[in-house]
Structures are given as structure tokens and as C-alpha cells.
1. How big is the protein assembly as shown by the Kirkwood estimate over distinct Cα pairs, in Å?
2. Angle check, please: helix A:25-49 long axis (alpha carbons) against the longest principal axis of chain A (alpha carbons), in degrees 0 to 90, nearest 10.
3. If I require 20 Å or longer along the helix axis, counting alpha carbons, and a Kyte-Doolittle average no lower than 1.0, what helices from chain B are left? Use full DSSP H segments.
4. In vacuum, with every alpha carbon of the range B:39-136 counted as one equal point scatterer, what does the Debye formula give for log10 I(q)/I(0) at q = 0.11, 0.17, 0.24 Å⁻¹? Two decimals, please.
5. How well do other chains shield peptide B:11-22, expressed as the mean number of their Cβ atoms within 10 Å of each residue Cβ?
6. Please go through the range B:58-137 and write out the chymotrypsin sites (Phe, Trp or Tyr not before Pro) that DSSP classes as loop and that have at most 11 other C-beta atoms within 10 Å.
7. So, with +1 on the Cβ of K and R and -1 on the Cβ of D and E, and no other charges, what is the size of the charge dipole of the range A:25-128 about its Cα centre, to the nearest 20 debye?
8. Take peptide B:83-95, look around each residue's Cβ out to 10 angstrom, count Cβ atoms belonging to other protein chains, and average those counts.
Amino acid sequence: MSQQTKLQTPRAAVNRLGSARSGTLHAWRQRLTSFALLPLTFAFVAILVSLVGRDFESARALLGSPCPAILLILFIGAGAWHMALGMQMVIEDYIPGEHAKTLALMTNALFSVAVGLAAVYAVLRLSFT
Amino acid sequence: MAEADPSQIPLEQRRPLSPHVQIYQWSPTMAVSIAHRLTGIALYVGTLGLAAYLLAAAGNARSFQTASALLGSFIGQLILFGYTFALMLHAMGGIRHIIWDAGHGFDPEARDKLAWGSLVGAGALTVLIWIAVFILR
């Protein structure tokens, strides 16, 4: 692969293939969301535990009241973002083929958004009906 | 971008490969690192269950009863227990990573303590949560 046979400049050959001052953005977002999730996880567990033994009406009342609902929405939002970032790393590490990798990355992004929005929709519906 | 076929390159000119994972001797840090990734994947799948449960609660009395019955069954309880432990282990792994990101806990003794500590902490928290569940039941 000699440079003389290529019409591309070296810059053009590597453009958009690596870090251009965005190399740490993924790692930063992973840590930002994990930092948010640490207290939110314990709030989430507390909400789940206080659901134990409740019937339909009282479970709805708890999940739809402002404080648990807001904490749940924050947990779901930070969680869906965090899990999308984490699964992206897993896919990049283990899926070798370019096409399979791209398809998996797209599926991951869309699945994370879809599952997050569905859960937020449920909490909002519990809050406003 | 066309990549060169590695089998066409002479052996001594190929890029070095790391040995297969089975070559390494198990260490506590390696075990919790693998567990962190595995619990992350498990929690990823578990989010689907959380969304399904919330949608069932947002639905009608029947969908809520179905979800409650599923979660209350033996398999449901087993999955919930596993989810709790995975969540706690992943959270403790997060704390371990925050400590490492801050530049602490890298000497051999400290990093093994952090590895074992996250496992023990996750186990203790899981037991505490399930004691609370059985008291409220």
C-alpha cells in the first residue's frame, strides 16, 4: 500500500474514522449518567419495595404521585441513556462484521429510546389519569 | 474502507494479538469486571420488564393483576431477586469505577479490596432489600 498509488490525501483517508476532540465524549456521558443513576437507583428500589402488598388502586396512587413519578422518570431517562451507551461498547467489542455491527448499533439506539419512552409514557399516564 | 487480508501478510509483520481470555489466571478485579459487563447486559434486558410492568399498572385492573401474578410466582420472584442483585452489583461496580476514575485504589491490595468489597456490599444490600420485601408482604 504505497502512498503514491492513492489519490486520497492522508487526511481524507482517516476523516470521520476516529477521535476529533470527541474521543472522551462517550466515556464522559457514561460517567455522567452513572453518577446520576447512583442515587436514582436507590430511590427506584425504595419505590419498588413500597409497592409490595399494594392492590391495583393503591399501587397506581403511589406510582402516579408527584415525587415517585418524577424520580421514576429521571431513573428511566438516565437509565435508558446509560444502557444505550453501555450496550454500544459491548457491540463495538464483540460484533466483528461492519454491516452486522451497524445494524446492532442502530437496533440498540432505537430499542433504548423506545423502551425508555414507553416506560415514561406509562408513568405519565399513571400521573394524569 | 478496504482492509488488507491479514492472512496475506507475513506472520512476523502482522499486528500483535492479545491472548485468548482463557489464558489469564483469574483475579478478583477480572471477575468483577466481567460481572459488571454481564450485569449491565442483564439489566438492559430487565428494562423491558420494568416498562412492561409500568404499562400494566397504567392499564386496567386485569393487566395489573396479570403482572402482579407473574412477578409473584416462583420464577417471577427468582427473576426479581436476580434483578436486585444485578442492579446492586452494577451500582457497586459504578462506585468502584468512580474511585478508580478519581485516581485512588490502584495498588494490588486496594484494588482487590474494592473488588471483594463491591461483591460483599451488593450481597448485603440485596439481602436487606429482600428482608424489607418480606416484612411488607
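Taken together, the values in this text are just the output of simple stated rules run on the coordinates, not laboratory data. Here the structure is a predicted model, which means the values were calculated and not measured. Because the Cβ atoms are built from the backbone with ideal geometry, glycine has one as well, and the counts that use them run over all protein chains shown.
1. This gives a value of 21.4 Å.
2. 20
3. Taking the DSSP H segments of chain B (at least 20 Å long, mean hydropathy at least 1.0), we get B:28-58, B:74-101, B:108-136.
4. One equal scatterer on each Cα of the range B:39-136 leads to -0.45, -0.84, -1.23.
5. Per-residue shielding by partner chains comes out at 0.
6. B:Phe106
7. 200
8. 3
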